[in-house]
Amino acid sequence: MITGPNRTTVSMIAAVLLASACSGTRIIDYRRSEVARDGGSITAVPLPGIIGGARSSVDWAPADEFPMTLADRSDITYRPDRFPGSPGIAKLVEKILQDEGVPRELAALPWIESSYQVGCYSSAGAAGPWQIMRGTGTQLDLRMDSEIDERYSWTASTRAAARYLQYLHGLFGSWGLALAAYNCGEGAVQRASSRGTTSLENLDLPGETRSFVPRFANALRAYQSVDMTGDSLAVIWAPPGLDLRLLAASAGIPPESLVMLNREFLNERTPSYGDGWEMIVPARAASAAYSTAWTMDTGGYQVGEGDTWESISLALGVENADLRAANPTASLVPGTRLVLPEPESIPVNVESGENEGYFYYTIRSGDTLSGIAQTVGASSAEVAGWNEMSRDAIIHPGQRILLRGTPPAGAGAAPAPAPSPAAQSADAGVTHTVAQGDTLWDLSIRYGVSVEQIQALNQMSGNNLRIGQVLVIRVVE
């Protein structure tokens, strides 16, 4: 937590320059001479850039650059066959790290920070794959507003983390100390170092940090053997105000995939401001997605020959009934423009409590799902959908459920019950709210911990979980 060349020719832009910036990518179109973001030095590369696939032939950094001797001291054992990320995302992370001038071995860090889950949010307030605090995100010039939170962007957050790690390495002179400072803060490492030793093993550091660096070494050892073949991705430059579902339908990309690759766009569209935004797409669709993004009419879905309500809703990733409700008088005559319904997916930053459009309600005795739904003008089916539960699911007093809208007067979110001793000790750790289908085994793989650790932290004697239950995954000692 932080306190290859283009293979296609795009006719729209003759030459594009990318330059790294803390908040993202700077793009200059030679023809239009528009600067999208402030940046530093400029490196000429074309767009879209193909990223992913087989691991490159570039050698790993020398083993002595990282504290690999600590790998066997890790309290968690990481295995290549349990790597939770996708090869395409891992290769994307490696490429950005290399472009930023830091070792690509640091791509193992999100494994222990977030289990490569882009939506990971800790009770301490750290968010995204690199677990960046909001204040740190601001210092690193990451954009965080009602339209975008770049802590959840694979590209922007990786770039920011790389620069912070590079700064820490320059400050302390070793990657071991840089990793320790990434976990507990540079001030803690500086204070420990001022007592006469710079040996990582002899520094008086917080207990979680003493575990953190061996975990990284263990995860890195496993990461270097992960099979990275297949699953290529590309990064393209997309215009502001572009609905991801509309682009997916027009470029032949599964809408769920495009949304999941770009969770930082909180409303399933690029922000309405700026000159453009980075977007991750499948490599096979990179050229089509890039050219379509800059030429398509964004005023809605244009009905084509042979389109049906079913085929259109499938291409857009929306419910057939919702699409019809948004277009009550429309007929499917080729050329007709259809309005897209509001996105139903839950923004990635809801768990953090930073999205004003959602809030958590703590169930009281006597509550029913339909009664709770009425307080926010919704149906029980909608509330069930927001919480990935069935309409007939049994709800329990003390259970937290997600609601969309503003808490009505007198019916707002009830204060959460006093946490258990384990939860109280997790103020700077990681928690997980149980969702439909979760198992202890799945959670142990996702977060890189053992089933036994989760059971011990939550005083569990069995494997039974209930939806809405908040589990302590890790604590800071």
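Quick note: the coordinates plus some simple rules give every number you see, no bench work behind them. Note that the structure is a prediction, hence the values are computed from the model and not measured. As a convention, Cβ positions derive from the backbone with ideal geometry for all residues, glycine included, and neighbour counts pool all protein chains shown.
Can you run the Rg to Rh ratio on region 356-404? Use alpha carbon positions and the Kirkwood inverse-distance Rh.
Details: Rg = 9.7 Å, Rh = 10.7 Å.
Rg divided by Rh gives 0.91.
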(Q) Only four residue types carry charge here, +1 at the Cβ of Lys and Arg and -1 at the Cβ of Asp and Glu. Report the dipole size of region 86-125 about the Cα centre in Debye, rounded to the nearest 20. (A) 120 debye
Q: Run the quick spin-label model on E319 and T138: label points 7 Å from Cα toward the beta carbon, then report their separation in nm to one decimal.
A: 3.9 nm
Q) For region 254-306, which GluC sites (Glu not before Pro) are in a loop by DSSP, counting at most 13 other Cβ atoms within 10 Å? A) E305
Q) Where the centre of each part is set by its Cα atoms, how far does region 247-273 sit from region 324-393, in angstrom? A) 19 Å
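Just to confirm the filter: which chymotrypsin sites (Phe, Trp or Tyr not before Pro) across region 270-311 are DSSP coil and have at most 12 other Cβ within 10 angstrom of their Cβ? All intermediate terms of the calculation are to be shown ahead of the outcome.
Numbers: sites: Y273, W277, Y290, W294, Y301, W309; in loops: Y273.
Filter output for region 270-311: Y273.
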Q: Treat each spin label as a single point 7 Å out from the Cα along the C-beta direction, and report the T198 to R284 distance in nm.
A: 5.1 nm
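What FRET efficiency, computed as 1/(1 + (r/R0)^6) with R0 = 41 Å and r the Cβ-Cβ distance, is obtained for T69 and S146, rounded to the nearest 0.05?
Working: r = 47 Å, r/R0 = 1.14.
Efficiency computed from Cβ-Cβ geometry: 0.30.
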(Q) Given R₀ = 30 Å, what would the calculated FRET efficiency be for D275 paired with Q374, taking r from the Cβ atoms and rounding to 0.05? (A) 0.10
Q: Mind checking region 184-262 for trypsin sites (Lys or Arg not before Pro) that DSSP puts in a loop (not H, G, I, E or B) and that have at most 11 other Cβ atoms within 10 Å?
A: R195
Q. Alpha carbon centre of region 100-165 versus region 281-321: separation in Å?
A. 30 Å
Q.
With θ taken as phi - 60° and the coefficients 6.51, -1.76 and 1.60, list the Karplus ³J(HN,Hα) couplings across region 183-195 in order, rounded to whole Hz; mark glycine and proline as x.
A. 7, 10, x, 5, x, 5, 5, 4, 5, 5, 6, 6, 8
Q: First measure r as the distance between the Cβ atoms of T77 and E310, then evaluate 1/(1 + (r/R0)^6) with R0 = 56 Å and state the FRET efficiency to the nearest 0.05.
A: 0.75
